[in-house]
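Notes for the one structure printed next.
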Amino acid sequence: MKLEELRFGTELLKRGFASMQKGGVIMDVVNADQARIAEEAGAVAVMALERVPADIRKAGGVARMADPGIIVEIMETVSIPVMGKVRIGHFVEAQVLESIGVDMIDESEVLTPADEQYHIEKTKFTVPFVCGARDLGEALRRINEGAAMVRTKGEAGTGNVVEAVRHMRAIMGTIRALKGKDRQEMADLAREIEAPAELVYECARMGRLPVVNFSAGGIATPSDAAMMMQLGADGVFVGSGIFKSSQPERMARAIVDAVQNFEDPAAIAAASRGLGEAMPGLDVHTLREDEVLRFRGR
Amino acid sequence: MCTRSGKTRCSGSVGVRIGVLAVQGNVSEHVHAFRGALGHMGCVASEVLQVRDAGTIPTLDGLAIPGGESTTISRLIDKNCMRKAIEDFEGGIFATCAGMVLVSSDSGDPKVEPLGIIGMSVDRNAFGRQRESFETELKIEGLTGGDFHAIFIRAPIVTRVDASVRVISRISQGIVAVEKGKHMALSFHPELGNDTRLHERFLEKIGN
């Protein structure tokens, strides 16, 4: 039989993969046991890490890509997609994760940046990327570099949702404000936010980002997750919020249920009962400048 | 047939009611594709809605089960007590990617409880991981207008079908599209392109 012509790693395949995650919860896990718990709870994907962000904060020093051995072990354990984090600008860490077959790479401010000028040229990869953003300009710069998915940066490892809210409102609010602007005004805005004008027009046309937009960075409870969905997120990443809570299995299920029923307060209430302690939180205003992760990359 | 010439129930004032199972995954794209397909067919009185509760299912003529993560959708179908309503549903089911795994009779994975709507065995993530996801041109039996541009994302494949199931497309690795009565199941994602021919074909089936 004649072999069909197959095309791999196209923009549509990358964005399509991200689109399949919509309405879902992506959970940080550090070993195969946690990955299994996440999958059983209904996670759409897991983020394989050496440490969750709360522990990266505690450890200090330079945070790097996880040991590929840990990631491979997790890939062999679950059938849902497995993602991995690389340092901002560290294209060789990205090559390494692509070579072991991770399904998506997070070019993440949670790790110590490797390049303070440039992000990874993501269009060169077959594997899709997700990147953090605090506002529309940052989101569109990442999309222009080839990101197939955007997530709000929030402030990872704090269990404090305030920055995630700020960033989601900034992105959604700026897109809403495009309504009523003509092309010249939009071009003006594009210059102001340092984003390609074509992508600004595309947001205006679609009334949203042209790729899937998740929320991340401080989500610790079912209500946090549902609030981010009501603010316009397509889904959520939960980092330390699950495995730093007192009952991870229950918290994981509860957050999945709250995301699915994000407009139903009674369902969120039911999901929130008897979960025990959420992860300990941090006041983002007391962080030292070098402890703030969201200002990494721009 | 629901065609522009119009001899079906959706060509007149009585429309069809299509629901897209909205527990997780590529929901809005299917809603958009069905609205486009209905527009092409001139079925203006029809309705496309997102389905979040079991009670809506019996009121539909057609139900789409979209792509997403089959383990997640499987758990949420049970969590929302929708399993029986889908199993008892008398309309047509349009299942894509993860949806195909769910409507099978054998998902090949204990983490995904199949609905048993189409007698077939499937292999989840049959092509591998995301880097093995691909686009290709597919020949689909009975589809006019040329090959279909198909997008396979961590796609399943059908490894065996019952005699009552009609295979409408296969590639070298195996079967990628089937029909059974009013139901259709596809390994790929017709909702990710602008080609609504397969959505229209499903609407024709349920309009008959």
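The values are calculated or read from the model by the stated rules, or taken from the named source; none is laboratory data. As the structure is a prediction and not an experimental result, all values here were calculated from the model. Cβ placement follows ideal geometry from the backbone for every residue including glycine, while neighbour counts extend to all protein chains displayed. Calculation scope for accessible area: heavy atoms of the full protein, side chains included, ligands and nucleic acids excluded. Shrake-Rupley method; radii C 1.70, N 1.55, O 1.52, S 1.80 Å.
Taking the square root of 5 times each eigenvalue of the Cα gyration tensor, what semi-axes in Å does the equivalent ellipsoid of chain B have, largest first? Don't skip to the answer; put the middle values down first.
On the way: eigenvalues 120, 83, 45 Å².
Taking √(5λ) for each Cα gyration eigenvalue gives 25, 20, 15 Å.
Given an 8 Å cut-off on Cα distances and at least 6 residues of separation, report the relative contact order of chain B as a percent. Show your work: numbers first, answer last.
Values: 474 pairs, mean separation 43.4, N = 208.
About 21 percent, as a whole number.
Under the rule of at least 5 residues apart or a separate chain, name every residue whose amide H is placed under 5 Å from the amide H of A:G235.
Residues meeting the amide H criterion: A:G23, A:S215.
Compute the Kirkwood hydrodynamic radius of the stretch A:63-187, taking the inverse of the mean of 1/r over all pairs of distinct Cα atoms, and give it in Å to one decimal.
Taking every pair of different Cα atoms in the stretch A:63-187, averaging 1/r and inverting gives 15.7 Å.
Given the options B:L49, B:L192, B:L143, which has the most mean-square fluctuation in a GNM of chain B, springs set between C-alpha atoms less than 10 angstrom apart?
B:L143
Report, as an integer, the average count of C-beta atoms from other chains found within 10 Å of each Cβ along B:148-157. Can you show the working numbers first?
Values: counts 0, 1, 1, 6, 3, 9, 8, 0, 0, 0.
Mean shielding count: 3.
Given all pairs of different Cα atoms, what value in angstroms does the Kirkwood hydrodynamic radius of the protein assembly as shown take?
Values: mean 1/r = 0.0431 Å⁻¹.
Across the protein assembly as shown, the inverse of the average 1/r is 23.2 Å.
How do the peptides B:120-129, A:183-192 rank, highest first, by the average count of neighbouring beta carbon atoms within 10 Å per residue?
Details: B:120-129: 20.0, A:183-192: 13.1.
Taking the mean over residues of other Cβ atoms within 10 Å, the ranking is B:120-129, A:183-192.
Would you list which lysines come within 19 Å of A:K14, measuring only between C-alpha atoms, while excluding same-chain residues fewer than 8 positions from it?
The reachable lysines, counting only those whose Cα sits under 19 Å from A:K14, are A:K22, A:K85, A:K122, A:K124.
Beta carbons within 10 angstrom, averaged per residue: use that to sort the peptides A:243-256, A:168-181, A:143-156, highest first. Show your work: numbers first, answer last.
Values: A:243-256: 21.9, A:168-181: 16.5, A:143-156: 25.6.
So the order, starting with the most tightly packed, is A:143-156, A:243-256, A:168-181.
With the contact rule set at Cα under 8 Å and sequence spacing of 6 or more, what percent relative contact order holds for chain A? Don't jump to the answer; show the numbers that get you there.
On the way: 640 pairs, mean separation 57.5, N = 298.
That works out to 19 percent.
Give me the one-decimal Kirkwood hydrodynamic radius in Å for chain A, with the sum taken over alpha-carbon pairs. Please report the intermediate quantities before stating the final value.
Details: mean 1/r = 0.0521 Å⁻¹.
Taking the inverse mean of 1/r over all distinct Cα pairs, chain A comes out at 19.2 Å.
Using a Gaussian network model on chain B with a 10 Å cutoff between Cα atoms, which of B:E29, B:E179, B:E137 fluctuates the most?
The residue with the greatest mean-square fluctuation here is B:E137.
On average, how many beta carbons from a partner chain sit within 10 Å of the beta carbon of a residue in A:6-12? Please list the in-between numbers first.
Working: counts 10, 6, 6, 6, 4, 0, 8.
What the average comes to for A:6-12 is 6.
Kindly report the accessible area of chain B per residue (heavy atoms of protein chains, probe 1.4 Å, no ligands, DNA or RNA), in Å². The partial results should precede the final answer.
On the way: 7560 Å² over 208 residues.
Per-residue accessible area for chain B comes out at 36 Å².
What's the extension gain from A:K58 to A:D33 if we count 0.36 nm per residue and subtract their Cα-Cα distance?
Details: separation 25, 0.36 × 25 = 9.00 nm, distance 2.26 nm.
Result for the pair: 6.7 nm of gain on full extension.
Could you do me a favour and compute the accessible area per residue for the stretch A:1-155, 1.4 Å probe, result in Å²? The partial results should precede the final answer.
Values: 5330 Å² over 155 residues.
Normalised by residue count, the accessible surface of the stretch A:1-155 is 34 Å².
Run down the lysines and flag those whose C-alpha is under 24 Å from the C-alpha of B:K180, throwing out any fewer than 8 positions away in its chain.
Hits, sequence-local ones excluded: B:K7, B:K84, B:K139, B:K205.
With the full set of protein chains in place, find how many percent of the accessible area of the protein assembly as shown is carbon and sulfur; take the probe as 1.4 Å. Working shown, then result.
On the way: 9530 of 19600 Å².
Carbon and sulfur atoms account for 49 percent of the accessible area of the protein assembly as shown.
To the nearest whole number, what is the average tally of beta carbon atoms from other chains within 10 Å of the beta carbons of peptide A:256-262? Write out the running numbers ahead of the final one.
Working: counts 5, 4, 0, 2, 10, 6, 0.
For this peptide, the per-residue mean of nearby foreign Cβ atoms is 4.
Need one number: nm distance between label points at A:D182 and A:V92, each 7 Å from Cα along Cα→Cβ, rounded to one decimal.
Between A:D182 and A:V92, the simple spin-label model gives 5.3 nm.
Just to be sure I understand: if you take the accessible area of chain A alone plus chain B alone and subtract the pair, with a 1.4 Å probe, what total do you get in Å², rounded to 100? Walk me through the numbers on the way to the answer.
Numbers: alone 13730 and 9240 Å², together 19600 Å².
Interface between A and B: roughly 3400 Å².
Just subtract the alpha-carbon distance of A:A270 and A:E289 from 0.36 nm times their residue separation and send over the number in nm, one decimal.
Values: separation 19, 0.36 × 19 = 6.84 nm, distance 3.88 nm.
Length gained between A:A270 and A:E289: 3.0 nm.
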